[in-house]
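Before any comments, here is the structure.
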Amino acid sequence: NAGVTQTPKFRILKIGQSMTLQCTQDMNHNYMYWYRQDPGMGLKLIYYSVGAGITDKGEVPNGYNVSRSTTEDFPLRLELAAPSQTSVYFCASTATGLFDTIYFGEGSWLTVV
Amino acid sequence: AQKITQTQPGMFVQEKEAVTLDCTYDTSDPSYGLFWYKQPSSGEMIFLIYQGSYDQQNATEGRYSLNFQKARKSANLVISASQLGDSAMYFCAMREIDSSYKLIFGSGTRLLVRP
């Protein structure tokens, strides 16, 4: 199984550019999450989704947008990139139960210059 | 609203000794789950242990155990017989039903194991 796949792994953006981080899972999970992790810090929830067509804001949603048109895909869109968005981004997914294993992607390193 | 607090930014432990990493949480939901993750310098998130709010016993997984004190809202991770490979960041996290199963993380504790 591929699990949770994130692309790209590394990206350098210029200020004001836009891009989409892709996240795909092949486990038929309902719940998907996007986090950002600044150096030496914990993971902050950006957006999450409880199923296709349903998304909601997390702790730090400003500057980002998401969509969930299928169960498998949960792309994260950065509009008008700013240096403050330089971070490592993680996508994660899990099934419905409170105790279900949470699967993480390998992370996407984004630098905005 | 759910909240996770890790008050130890960094800790040292001697190889082969035990270490406790602190985690406190706040929630009004009676149904929640607590997780610990390890993040080595390579960056991946590694699941260590899970404790459910209704679990009567403290969770254990090999050298990892979770000291769950529900009334005090604490879920400390105990690592026994520390190894050099345990040097990493450790994160406590929580999910609760009332918040649509959002998974919220603490700020983490960096553990360094001394030979």
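No lab work stands behind these numbers, since they all come straight from the coordinates. This structure is a prediction, so every number in the text was calculated from the model and none was measured. Positions of Cβ are generated from backbone atoms using ideal geometry, with glycine treated the same way; all protein chains shown enter the neighbour counts.
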Answer yes or no: is there a residue in region A:51-64 that is of a type in the set (A, V, I, L, M, F, W, C), part of a strand (DSSP E or B) and closer than 19 Å to B:S42 by Cα.
no
State which residue is nearest to B:Q6 (Cα to Cα) when the search covers only region B:83-109 and only residues that are in contact with an Asp or Glu (Cβ under 8 Å, 6 or more places away or on another chain) and among the aliphatic types (A, V, I, L, M).
B:I104
Would region B:6-16 turn up any residue that is closer than 30 Å to A:K9 by Cα and surrounded by 12 or more Cβ atoms within 10 Å (Cβ to Cβ)?
yes
Scanning region A:72-94 residue by residue, those out of contact with any strand residue (DSSP E or B) (no Cβ under 7 Å at 6 or more places or on another chain) and either touching a residue at least 40 places away in the same chain (Cβ under 8 Å) or assigned to a loop (DSSP other than H, G, I, E, B) (or both) turn out to be A:L80
Only one of B:R114, B:R63 is surrounded by fewer than 19 Cβ atoms within 10 Å (Cβ to Cβ) and within 18 Å of B:P9 (Cβ to Cβ), namely B:R114
For A:K44, only one of the following conditions fails: (1) over 29 Å from B:Q51 (Cβ atoms); (2) free of Cβ contacts under 8 Å to residues at least 40 places away in the same chain; (3) among the basic types (K, R). What is its number?
(1)
When you check A:M32 against the structure, is it of a type outside the set (D, E) and in a strand (DSSP E or B), yes or no?
yes
Which of the numbered conditions does A:R68 fail, given that it passes all the others? Conditions: (1) charged (D, E, K, R); (2) part of a strand (DSSP E or B); (3) over 24 Å from B:S107 (Cα atoms).
(2)
For strands (runs of 3 or more DSSP E) lying entirely in region B:11-115, having 3 or more residues that are within 12 Å of chain A (Cβ to nearest Cβ) picks out B:32-39, B:46-52, B:88-96, B:103-105
Selection from region A:65-82 of residues that are within 11 Å of the chain's Cα centre (by Cα) and either farther than 22 Å from A:Y103 by Cα or surrounded by 20 or more Cβ atoms within 10 Å (Cβ to Cβ) (or both):
A:V66, A:F74, A:L76, A:L78
Name the one entry in B:L103, B:L112 that is more than 26 Å from A:V50 (Cβ to Cβ) and among the hydrophobic types (A, V, I, L, M, F, W, C).
B:L112
